[in-house]
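Okay, so here's the structure we're looking at.
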Amino acid sequence: MSTIAAISTGNAPGGIGVIRISGDNAVKIADSVFECSDKSSLAELGGYRAKYGHIVIDGEQQDDAVVLVFRSPRSYTGEDVAEISVHGGMLSVQKTLDAVLKAGAVPAGAGEFTKRAFINGKMDLTQAESVADIISAQGEAELRASYSALQGRLSKSINAVLEKLLDVSSTMAAWVDYPDEEIPELEQNELVKTLEFCKAELESLLSNYDKGQTIRTGVDTVIAGRPNVGKSSLMNMLTGTDKSIVTHIEGTTRDIVEENVRLGSIVLHLKDTAGLRESGDIVENIGIEKAYKAIEDAQLVLAVFDSSAGLTDEDRKLIDSCSGKLAVAVINKTDLENKADTAIIENAFDSVVYISAKNDEGLDRLEETVCGLLGVADFDSTAPLLANSRQKQHCENALASVCEALDGAALGITYDAINVMIDAAADELLSLTGKKANAEVVNSIFSKFCVGK
Ligand code: GDP
């Protein structure tokens with residue numbers, strides 16, 4: 001296989017930039033652009049060893065560098081790997097990569113290092129997918145869940161089910177194929193017990209999927225309320241910045257301001273909308289229309305009310321538009337005297353939180369309430385978790401076949417017919433972990449990675 005190279009650090013100036021090279025000639029190619037300060041050659045270097053020196057291009061020292069060598073099979077890809085760290089100015093990193101390519105490496109495709117790790121058996125497909133998830137993780141729980149998958153927790157629970165299925169399948173096949181041999185028949189209740197175990201395991205994986213997706217992908221959230229209730233102030237409290245303009249002139253937030261914020265273990269994709277009220281101003285009216293549309297589309301609404309003023313028609317309209325939606329009533333300005341009829345709000349919403357955005361009070365309660373409402377408050381992010389719809393689909397198909405086999409067993413159909421269903425379930429799980437995935441699926445998974453990963 002060819003020796004590949006790419007920049008593995010981000011596409012921006014940084015303290016250090018890393019060029020990763022993987023393949024049979026990785027160390028030789030690194031050696032040809034690098035001069036060790038002790039004049040030794042990298043070829044003599046064992047795995048997990050580093051050398052300090054310089055990048056030399058066309059006989060000229062270009063930058064200081066450290067080269068780290070990994071020897072096959074003890075590397076990320078399973079091949080020989082050299083990682084060259086230079087100063088992270090884009091030019092120095094790019095020139096080093098160019099020199100490495102000139103010395104015989106070929107540019108790595110998207111996700112090619114991880115793909116090679118998969119092909120060389122360093123990780124299965126669920127672990128490879130978790131690498132992409134770790135890179136894109138924004139929330140703490142998402143990162144923990146992805147890392148747990150990388151450590152193989154998902155593979156382990158899938159493989160436990162798979163082992164049981166393959167075990168019954170081979171016993172049944174032997175018994176069906178060699179009736180004359182002394183192979184003890186699989187007891188019906190043993191078979192049912194095993195299938196019940198597989199069913200329970202798969203069901204538990206699937207039941208956690210939705211919560212996991214909430215954690216992974218974040219929640220589209222809208223902050224809504226009439227002008228001046230404190231929407232922008234709440235946005236600022238959540239973001240800790242001043243992206244939303246806070247002002248006491250009504251209707252200043254005319255369009256929608258968007259921001260991703262971390263609230264406890266989850267990420268909210270926040271939209272701060274225009275104040276909801278009747279207006280003669282065309283621009284403002286377009287903003288208000290967008291605000292109602294945003295409420296309709298949102299997964300979660302933070303409906304803000306002003307406790308220091310009586311409820312208005314706009315407030316009541318907002319209450320109505322939240323009905324049937326996942327919504328939290330946020331009653332703001334608790335530092336002022338309460339003049340609002342909060343009982344109406346308490347009646348209309350299951351979740352009500354009192355805050356003072358001005359004094360930065362109530363964020364903890366809001367976090368607790370939102371996480372509780374989304375069902376992620378007691379979420380165990382270290383438990384095995386299906387990461388995407390591909391994995392979910394295979395798990396669902398496997399479960400369907402296991403249930404079919406259970407029904408078949410209850411009806412007393414023949415073992416060879418049941419075995420077909422068990423094999424189908426096993427096949428789905430083999431596809432899930434990648435032991436049986438076809439090349440197209442594998443290519444499509446790695447094409448979503450960035451170059452250098
Ligand atoms: P929006 O129009 O709903 O986005 O409201 P803003 O966030 O712009 O706030 C409107 C006014 O209310 C500003 O003058 C804020 O300083 C003030 N305000 C916001 N939150 C609070 C609060 O908790 N207490 C008090 N006393 N004033 C607040």
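Observations on the structure shown:
- Entries in LYS325/LYS358; LYS271/LYS333; LYS122/LYS392; LYS156/LYS199; LYS122/LYS448; LYS211/LYS435 that, when Cα-Cα distance is taken, lie over 25 Å: LYS325/LYS358; LYS211/LYS435
- The chain - charge dipole about Cα centre, Lys and Arg +1 at Cβ, Asp and Glu -1, debye rounded to 20: 1420
- Gain upon complete extension [LEU326, GLN393; 0.36 nm per residue less C-alpha separation]: 21.5 nm
- Derived scalar couplings ³J(HN,Hα) [the stretch 258-269; Karplus, 6.51 cos²θ - 1.76 cosθ + 1.60; whole Hz; x for Gly, Pro]: 10, 7, 9, 10, 8, 10, x, 8, 10, 10, 9, 8
- Under 17 Å from the Cα of LYS28 - lysines, other chains or at least 8 residues apart: LYS39, LYS51, LYS102
- Of all complete DSSP H helices in the chain, those with a Cα span along the helix axis of 30 Å or greater and a mean Kyte-Doolittle hydropathy of 0.0 or more are 153-177.
- Cross-link partners for LYS95 among the aspartates and glutamates, with Cα-Cα distance under 20 Å and sequence neighbours closer than 8 places in the same chain left out: ASP31, GLU35, ASP58, GLU60, ASP63, ASP64, GLU83.
- Two-site FRET efficiency, TYR48 against SER170, from Cβ-Cβ distance with R₀ of 60 Å, rounded to 0.05: 0.90
- Relative to the compact-globule estimate of 2.2 N^0.38 Å, the Cα radius of gyration of the chain comes out at 1.30.
- Trypsin sites (Lys or Arg not before Pro) within the stretch 16-46: DSSP coil, no more than 16 neighbouring Cβ in 10 Å: LYS39
- Measuring r between the beta carbons of LYS290 and ASP364 and using R0 = 25 Å, the FRET efficiency lands at 0.20.
- Antiparallel bridge percentage (DSSP; both residues within the chain; nearest 5): 65
- Sites listed here are chymotrypsin sites (Phe, Trp or Tyr not before Pro) in the stretch 1-60 whose DSSP assignment is loop and whose Cβ has at most 16 other Cβ atoms within 10 Å: TYR48.
- Global form of the stretch 335-430, assessed from the alpha-carbon gyration tensor, a/c cut-off 1.5: prolate
- Using the Cβ-Cβ distance between GLU163 and VAL420 with R0 set to 22 Å, the FRET efficiency works out to roughly 0.70.
- Taking 0.36 nm per residue of separation and subtracting the current Cα-Cα distance, fully stretching the chain between LEU336 and ALA383 would add 12.5 nm.
Coordinate-derived values only; no laboratory data. Since this is a predicted model, take the numbers as computed values, not measurements. Reconstructed Cβ throughout: ideal geometry from the backbone, glycine too, with neighbour counts over all protein chains shown.
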